[in-house]
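Shown next, in structure tokens, is the structure this report addresses.
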Amino acid sequence: MYDLSYKEEIEALKDEPDFETRGDELYLYHEDDEARLEWAFYRPSGSHPEQVSDKNVMVSIMAFNHSRLGAYERFTRLHPDVIANDRLRVKVRNRSRMLFRAMVDNDFTELVQVLQYAPVFIDMACDQVINGRIWNEHYADLGAATSFLGMAEAHLDDKLVDGVKRRLQPVKKFSYDEAKAYLETLSKQAQNLHPLLKAHYTEAYETWVEKTQLHPLQRIALQKQIAALKE
């Protein structure tokens, strides 16, 4: 068996009931880079976390692309040379784009963590904010959105700002109680929110108040909180 190539060896093991366990024993820490590279590709449940952290750049790239780890752990395990070298980053571009698409479609928390670790991916993040579809009903965490806008300061234009706004909690369908509660949340965080977020919600709430039938006292209470949000 061991006169075969590593690919042939691995394929010969496929029908064994303990294929993955046996493969890990044989190839996970194999001294030959080629053996570890092949196993990162063939491992049935996705590459092992240790393979993403492999000392060999090409093994790390292969494992990154075949991993099922969450985005942050995957990027932090990726070989540092890949993050530092644009020619190597091309080899993880497609998988990275998918990961950023998912992070943008979530609440921005993991997105910010990844960008703090690897700021070089800010262009890809901005592209997904602008062009990525919204698949999930997750709204951006306000603190994370503030951090992202700060990181993307040099990239801010109308398209990027609109992309962020599309991922914020909308207020137009709120009941009075829902509007009041969320405005209180915004007001408490006002000092820490990015000016673009405060401006967005100020405008959204002013529109909501204008279009909603309210008791005068309710209107006054909301207008006071809106004024506080502006400060």
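Key figures for this structure:
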quantity: Within the accessible area of the chain (1.4 Å probe), percent carbon and sulfur; calculated: 48
quantity: Accessible area of segment 82-193 divided out per residue, in Å², using a probe of 1.4 angstrom; calculated: 56
quantity: Kyte-Doolittle mean at least 0.0 and Cα axial length at least 15 Å: DSSP H helices in the chain; calculated: 216-230
quantity: Tensor-based shape of segment 152-210 (alpha-carbon gyration tensor, a/c under 1.5 rounded, otherwise prolate or oblate); calculated: prolate
quantity: Simple spin-label estimate for TYR29 and GLU210 in nanometres, 7 Å along Cα-Cβ; calculated: 6.8
quantity: Segment 43-150: trypsin sites (Lys or Arg not before Pro) in DSSP coil with no more than 15 other Cβ atoms inside 10 Å; calculated: LYS55, ARG68, ARG133
quantity: Potential extension, ALA227-THR185 segment - 0.36 nm per residue separation minus Cα distance; calculated: 13.7 nm
quantity: Relative compactness, segment 48-172, computed as alpha-carbon Rg over 2.2 N^0.38 Å; calculated: 1.07
quantity: Residue-averaged [θ]222 nm for the chain, counting only DSSP H segments that reach four residues, each worth -39500 (n - 2.57); calculated: -19000 deg cm²/dmol
quantity: Set LYS159/LYS211; LYS180/LYS230; LYS173/LYS224; LYS180/LYS224; LYS173/LYS230; LYS55/LYS91 screened for pairs whose C-alpha atoms are more than 19 Å apart; calculated: LYS159/LYS211; LYS173/LYS224; LYS173/LYS230
quantity: Paramagnetic reach from ARG219 (point 7 Å along Cα→Cβ, amide N under 17 Å) across segment 159-189; calculated: 176-177, 180
quantity: Candidate values (i) 1.05; (ii) 1.38; (iii) 1.51, label of the one derived for Cα Rg over 2.2 N^0.38 Å; calculated: (ii)
quantity: Length added when fully stretched, GLN116-THR76, from 0.36 nm per residue minus Cα-Cα; calculated: 13.3 nm
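The values are calculated or read from the model by the stated rules, or taken from the named source; none is laboratory data. Only a predicted model underlies this, so the values are computations on that prediction, with no experimental measurement involved. Here the Cβ is made from the backbone with ideal geometry for all residues, glycine too, and neighbour counts use every protein chain on show. Note: accessible area is taken over every heavy atom of the protein model, side chains too, but ligands, DNA and RNA are not part of it. Shrake-Rupley method; radii C 1.70, N 1.55, O 1.52, S 1.80 Å.
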